[in-house]
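Enquirer: Have a look at this one before I ask anything.
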Amino acid sequence: MELWNARWRERALPELAARDWDLLVIGGGICGAGILREAARRDWRCLLLEQRDFAWGTSSRSSKMVHGGLRYVAKGQIGLTRDSVRERQRLLGEAPGLVEPLSFVMPHYRGGFPGPKVFGGLLSLYDALAGKRNHLFYPLQQLRYLAPGIREDGLLGGTRFFDAVTDDARLVQRVLGEARAEGAEALNGMRVVELLREVGQVVGVLAEDVETGKQYRLRSRAVAQATGAWADRLRQPGNGRVRPLRGSHLLLPSWRLPVAHAFSFMHAADGRPVFVFPWEGATVIGTTDLDHADDLDTEAAISKEEVDYLLAACAQQFPCAEVTCGDVLSAWAGVRPVVVDGSAGLKPPAT
Ligand SMILES: Cc1cc2nc3c(=O)[nH]c(=O)nc-3n(C[C@H](O)[C@H](O)[C@H](O)COP(=O)(O)OP(=O)(O)OC[C@H]3O[C@@H](n4cnc5c(N)ncnc54)[C@H](O)[C@@H]3O)c2cc1C
């Protein structure tokens, strides 16, 4: 099999660069992969260029959830929730084994928000959009079976509901594979240096093979930028700009904090929702949300403060586990591309 190896690349690059494309996609994360697949399904001649490896960016560093958008219900954004639920159900159907249902538990504490009634109401609407009832309130005694070791101080019970989980990097590979099966091409190690313009119109890109430094001019009827947090680098100066926000996770061996469900709760320090969830045989704690000032060419990394914040969340919800820094197997950090209008002090919208 010669495809995608060095020999194929050496031979294919000049030939691919010389073609006339209908669409060039810049960025090999989930957005770029999805755009490529949809274009290929419409018989467009299309090529994706990724500067590092496929899914190197945020699409391998997320919380791995395929949300139906429960938080959108809480904000009254019913149309958006309906779309998210529909997409979640479609992915569950299209990619069994890669996108799987995940059971969530939201514990309810006396005086805490949301209480079981409010939360149950939101979930009824959420389930109605998915077409089936899929949540249940468990009083304390029963909750103990679902959530051994959970903080019981003031605990009334918990609501169990369902969303879905995936391996985000594998999902990108899967979508790219489907795009290639439909006739699309995708190259990693190809950095787009600039957009080529003629009479004010984008007509292609100048791309560099990061292995050899060799540059290629590629022409296309359309160019799609799916560069996530890196988007400002290729965009013309305008009103909008990307504010990179970092989110990090800790990975623990599952025996150290065995959880059979994803636990969703508010961090005592700032009221932000945080998760403890089972993933690929381990337990994950996430996530943080803070400005990312580091160079985007360097892989994003968790800070000491974030480690402390996530361990504090764990101690808050599972005090008996006494998880410490020494228990952490690994960590990952991703950068959210949040678009803001540039006003000083503007709080970024939730992604
Ligand atoms: C901490 C965290 C948790 C999250 N959790 C979830 C979740 O649970 N569920 C969910 O649905 N979403 C989640 N998200 C959001 C989700 O991960 C992102 O929306 C998604 O991954 C963005 O995909 P993308 O393709 O736009 O960007 P990316 O995956 O970042 O892809 C952009 C790609 O473009 C490439 N690139 C940049 N510049 C160039 C160039 N000049 N030439 C060539 N290539 C270039 C980069 O190398 C990169 O690979 C989370 C995000 C974060 C940060």
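All of the numbers you see were taken from the coordinates with simple rules; none came from a lab. Values in this document were obtained by computation on a predicted structure and should not be read as measured data. FYI the Cβ positions are ideal-geometry reconstructions off the backbone, even for glycines, and counts take in every protein chain you see.
Enquirer: Relative to the longest principal axis of the C-alpha atoms of the chain, give the angle of the C-alpha long axis of helix 6-18, reported between 0 and 90° and rounded to the nearest 10°.
Expert: The angle comes out at about 70 degrees.
Enquirer: Test of understanding: ordering Thr283, Thr212 by Cβ neighbours within 10 Å, fewest first, what list do you get?
Expert: Ranked by crowding around the Cβ, least crowded first: Thr212, Thr283.
Enquirer: Considering Cα pairs under 8 angstrom that are at least six residues apart, work out the relative contact order of the chain and quote it in whole percent.
Expert: It rounds to 21 percent for the chain.
Enquirer: Could I ask something else about it? Would you mind ranking Cys314, Cys325 so that the residue whose beta carbon has the fewest other beta carbons within 10 Å leads the list?
Expert: Cys325, Cys314
Enquirer: Could you estimate the translational diffusion coefficient of region 214-334 from the Stokes-Einstein equation, with Rh from the Kirkwood formula over C-alpha pairs, at 37 °C and 0.692 mPa s, in whole µm²/s?
Expert: Roughly 197 µm²/s, to the nearest whole number.
Enquirer: Here is a further query. Between 0 and 90 degrees, rounded to the nearest ten: what's the tilt of helix 168-181 against the longest Cα principal axis of the chain?
Expert: The two axes meet at around 40 degrees.
Enquirer: Let me ask something additional. Helix-derived [θ] at 222 nm for the chain: sum -39500 (n - 2.57) over DSSP H runs of at least 4, divide by residue count, nearest 500?
Expert: That calculation yields -8500 deg cm²/dmol at 222 nm.
Enquirer: Build a GNM of the chain with springs between Cα atoms under 10 Å: which of Ala313, Ala95, Ala229 gets the top mean-square fluctuation?
Expert: Looking only at Ala313, Ala95, Ala229, the largest GNM fluctuation is found for Ala95.
Enquirer: Got a sec? How would Ile30, Ile302 order by Cβ neighbour count within 10 Å, fewest to most?
Expert: With the sparsest Cβ surroundings first, the list reads Ile302, Ile30.
Enquirer: What's the angle, to the nearest 10 degrees (0 to 90), between helix 30-41's Cα axis and the longest principal axis of the chain?
Expert: The helix 30-41 is inclined about 60 degrees to the chain.
Enquirer: If you don't mind, there's one more thing I want to ask. Taking square-rooted eigenvalues a ≥ b ≥ c of the alpha carbon gyration tensor, is region 68-163 rounded, prolate or oblate, where a/c under 1.5 means rounded and, failing that, a/b exceeding b/c means prolate? All intermediate terms of the calculation are to be shown ahead of the outcome.
Expert: Numbers: a/c = 2.73, a/b = 1.54, b/c = 1.77.
Since a/c reaches 1.5 but b/c is at least a/b, the shape of region 68-163 is classed as oblate.
Enquirer: Can you find, among Pro337, His261, Tyr309, the residue sitting farthest towards the positive end of the charge dipole of region 240-351, where Lys and Arg contribute +1 and Asp and Glu -1 at Cβ?
Expert: So the residue we want is His261.
Enquirer: With r as the distance between the Cβ atoms of Val340 and Ser124 and R0 = 30 Å, compute the FRET efficiency 1/(1 + (r/R0)^6) and round to 0.05.
Expert: For Ser124 and Val340, the calculated efficiency is 0.30.
Enquirer: Using the Cα centre of region 68-163 as the reference point, and only Cβ charges (+1 on K/R, -1 on D/E), how large is the resulting charge dipole? Debye, rounded to the nearest 20.
Expert: 240 debye
Enquirer: Could I ask something else about it? Take the alpha carbon gyration tensor of region 26-126, find the square roots of its eigenvalues, order them as a ≥ b ≥ c, and report rounded if a/c is under 1.5; if not, report prolate when a/b exceeds b/c, else oblate.
Expert: Prolate, since a/c reaches 1.5 and a/b exceeds b/c.
Enquirer: Once you charge only the Cβ atoms, +1 for Lys and Arg and -1 for Asp and Glu, what is the size of the charge dipole of region 240-351 about its Cα centre, to the nearest 20 debye?
Expert: That gives region 240-351 a dipole magnitude of about 320 debye.
Enquirer: Then there is this: What percentage of all Cα-Cα pairs in the chain are separated by more than 36 Å?
Expert: Working: 17346 of 61425 pairs.
The answer is 28 percent, as a whole percent.
Enquirer: A further question on this structure: With the dipole of the chain worked out from charges on the C-beta (+1 for Lys and Arg, -1 for Asp and Glu) around the Cα centre, which of Gln89, Gly189, Thr324 lies farthest toward the positive end?
Expert: Gln89
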